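Read through the structure below, which is laid out as structure tokens, and then see the notes.
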Amino acid sequence: MSADSGQSIHGQWSNKWMFILAATGSAVGLGNIWKFPYITGENGGGAFVLVYLICISLVGIPIMVSEVLLGRAGKQSPINTMMNLGRQYGGSGAWSFIGYMGTLAGFLILSFYTVVAGWALAYVQRIASPAFHELPLEEIKGSFSALVSNPGELMLWHTLFALITTVVVARGVSDGIEKLVKYLMPLLFALLCVLLGYAATTGHFVQGLEFLFAPDFSKLSWDSVLVALGHSFFTLSLGMGAIMIYGSYLPKDINIGKTVVIIAGMDTLVALMAGMVIFPIVFANNMDPGAGPGLLFSTLTLAFTSMEFGGFFGTLFYLLVAFAGWTSAISLLEPGVSWLVENKNWSRAKSAWLVGLLCWVIGIGTVLSFNVLADFKIFDRTIFDNLDYLTANIMLPLGGLLIAVFASWFISREMQTQQLDGKGGLFTIWLWTSRVVAPGLVFVIFLNALGLLG
Ligand code: PHE
Ligand code: NA
């Protein structure tokens with residue numbers, strides 16, 4: 001396929017649903033089920049959730065439209081897309097900085113993502129074993145700290161998950177995955193409904209919902225606002241090129257705006273459901289909502305060991321969480337791998353194994369940050385916390401800001417209207433949220449979190 005046939009050399013989605021499924025596969029992942037509940041707990045609940053929802057609507061959605069638009073206009077890896085579009089519309093290849101920073105962010109995120117997905121695999125093994133359900137309550141409660149204090153076991157699952165991710169990317173993101181997404185995502189949703197039913201019986205359902213939805217602004221600091229903003233990028237896979245490269249395989253007759261709203265809507269729904277399941281269990285068991293990264297595992301493990309058919313539901317649930325993480329992990333590797341294929345003329349397989357190995361090595365830092373290196377802190381944060389903070393709160397919002405500015409101010413009106421339906425009021429809304437509102441919010445939140453606005 002040559003560039004003038006209007007397709008990416010890496011291929012094209014056969015229809016609109018393939019894109020929606022792949023992008024949803026990228027978006028819905030550990031960010032929704034693991035990260036959203038624990039950062040909501042750490043940042044005080046309702047007010048944080050409200051800010052997060054505002055960020056999704058005013059920042060995330062317009063930037064996602066921008067990112068898909070650039071991908072479809074450029075049809076290459078994010079680095080080369082930004083290089084070419086930058087030269088053509090922005091007067092300089094320096095815009096490729098967005099692609100480089102995003103590709104790097106993808107590696108750094110993947111390095112800890114495989115560790116966390118590994119926790120889900122570790123819990124598949126635990127919950128599937130009947131003996132685990134017979135353990136004394138204290139031991140079940142302590143199972144997460146026991147897991148993360150064991151670097152050997154963490155390494156094992158981290159390695160396994162990194163392997164299954166690399167294998168798929170090495171073969172090329174195939175339709176096989178989209179078919180799986182089509183069946184397994186609804187199944188994950190169904191299981192969340194089952195868990196919601198359980199949460200409703202804990203006697204603390206209302207308290208959980210209040211925590212999640214009743215805003216108490218006294219609990220909100222600028223740092224929490226930055227975390228909410230960063231998470232809106234992380235959860236929608238924005239600001240690092242994953243959505244850009246998926247957009248590059250998008251046929252030209254598809255309406256970007258509508259598909260983006262569907263994807264963001266599904267992502268938000270899954271996150272809110274995870275929260276509605278977890279917080280009632282937290283309060284019913286007198287647990288601490290701010291317990292940190294182990295929150296998902298410590299709460300649901302209590303649920304699965306006490307509910308009817310918990311062994312079955314629990315095994316299936318953690319498998320599906322790992323699956324959701326898998327389809328996200330694949331998209332984290334794509335920007336780097338597609339660039340190596342384009343620029344170094346390497347095979348997909350070689351590129352994928354190299355990048356996979358690199359991420360696996362960096363991931364060892366995260367593995368150790370929960371045990372041996374738990375006291376090794378830079379800026380008062382562990383290795384894992386630093387990787388998370390740097391990527392979600394700095395690199396992704398910065399990348400997203402530049403993407404929105406470039407797509408809305410620099411791309412020609414002709415190209416914009418060719419990519420988006422340029423006549424309607426929705427176009428105008430996209431244009432001005434991308435030009436002013438989204439970059440402005442990111443900028444103001446950055447300045448405040450840095451303490452520069454007092
Ligand atoms: N969106 C994914 C999640 O919520 C994580 C991710 C971030 C994937 C960035 C790709 C790019 O789990
Ligand atoms: Na997500």
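So how many residues does the stretch 112-127 have that are of a type in the set (S, T, N, Q), closer than 18 Å to S328 by Cβ and either under 12 Å from the mean Cα position of the chain (by Cα) or surrounded by fewer than 24 Cβ atoms within 10 Å (Cβ to Cβ) (or both)? Even if it seems obvious, please write down each step before you answer.
Here is the first cut: in the stretch 112-127, the ones of a type in the set (S, T, N, Q) are 114, 125.
Narrowing further to those that are closer than 18 Å to S328 by Cβ: 114.
Within this subset, residues satisfying the condition of being either under 12 Å from the mean Cα position of the chain (by Cα) or surrounded by fewer than 24 Cβ atoms within 10 Å (Cβ to Cβ) (or both) are none.
Selection size over the stretch 112-127: 0.
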Next item on the list: Just need a number here: residues in the stretch 13-38 that are within 14 Å of ligand 2 (Cβ to nearest atom) and more than 19 Å from L192 (Cα to Cα).
Entry: 2
Notebook entry, point to check: Considering the stretch 126-146 alone, what residues qualify as being aliphatic (A, V, I, L, M) and either out of contact with any Phe, Trp or Tyr (no Cβ under 8 Å at 6 or more places or on another chain) or more than 17 Å from T315 (Cα to Cα) (or both)?
Noted result: A128, A131, L135, L137, A146
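A quick yes/no check of all residues on (1) away from ligand 2 (no atom under 16 Å from the Cβ); (2) polar (S, T, N, Q); (3) touching a Phe, Trp or Tyr at 6+ places or on another chain (Cβ under 8 Å):
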| residue | (1), (2), (3) |
| --- | --- |
| G172 | yes, no, no |
| L184 | no, no, yes |
| L196 | yes, no, no |
| L220 | yes, no, yes |
| L226 | yes, no, yes |
| M244 | yes, no, no |
| L250 | yes, no, yes |
| I254 | yes, no, yes |
| G265 | no, no, no |
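Being surrounded by fewer than 24 Cβ atoms within 10 Å (Cβ to Cβ), not in a helix (DSSP H, G or I) and not aliphatic (A, V, I, L, M) is the requirement here; does T202 meet it?
Answer is yes for this residue.
Does M244 satisfy being in contact with an Asp or Glu (Cβ under 7 Å, 6 or more places away or on another chain), assigned to a helix (DSSP H, G or I) and either closer than 27 Å to L58 by Cβ or within 15 Å of ligand 1 (Cβ to nearest atom) (or both)? Show your work before the answer.
Numbers: in contact with an Asp or Glu (Cβ under 7 Å, 6 or more places away or on another chain): yes; assigned to a helix (DSSP H, G or I): yes; either closer than 27 Å to L58 by Cβ or within 15 Å of ligand 1 (Cβ to nearest atom) (or both): yes.
Yes.
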Next item on the list: Could you check, for the stretch 87-110, whether at least one of its residues is in a helix (DSSP H, G or I), at pLDDT below 95, among the hydrophobic types (A, V, I, L, M, F, W, C) and out of contact with any strand residue (DSSP E or B) (no Cβ under 7 Å at 6 or more places or on another chain)?
Entry: no
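Within the group I33, I63, I20, I54, which residue is in a helix (DSSP H, G or I), within 12 Å of ligand 1 (Cβ to nearest atom) and under 18 Å from the mean Cα position of the chain (by Cα)?
Values: I63 fails: within 12 Å of ligand 1 (Cβ to nearest atom); I20 fails: within 12 Å of ligand 1 (Cβ to nearest atom); I54 fails: within 12 Å of ligand 1 (Cβ to nearest atom).
Going through I33, I63, I20, I54 in turn, just one is in a helix (DSSP H, G or I), within 12 Å of ligand 1 (Cβ to nearest atom) and under 18 Å from the mean Cα position of the chain (by Cα): I33.
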Item checked: Any pair with Cβ under 9 angstrom, 6 or more apart, that starts in the stretch 139-166 at a residue that is crowded, with 16+ Cβ neighbours inside 10 Å and modelled with pLDDT of 95 or more and ends at one that is among the hydroxyl-bearing types (S, T, Y) and not in a helix (DSSP H, G or I) -> none
Checklist line | Residues of the stretch 369-392 that turn out to be closer than 19 Å to S145 by Cβ and assigned to a loop (DSSP other than H, G, I, E, B), as a count | finding: 9
Next item on the list: Pull up the stretch 289-334, narrow it to residues that are touching a residue at least 40 places away in the same chain (Cβ under 8 Å) and not in a helix (DSSP H, G or I), then point me to the one that is nearest to the chain's Cα centre (by Cα).
Entry: P293
Checklist line | Out of G292, G314, sole residue that is buried (at least 24 other Cβ atoms within 10 Å of the Cβ) and away from ligand 1 (no atom under 16 Å from the Cβ) | finding: G314
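The values are calculated or read from the model by the stated rules, or taken from the named source; none is laboratory data. Since we're looking at a predicted model, the values are computed, not measured. Note that each Cβ is placed from the backbone with ideal geometry, even for glycine, and that neighbours are counted across all protein chains shown.
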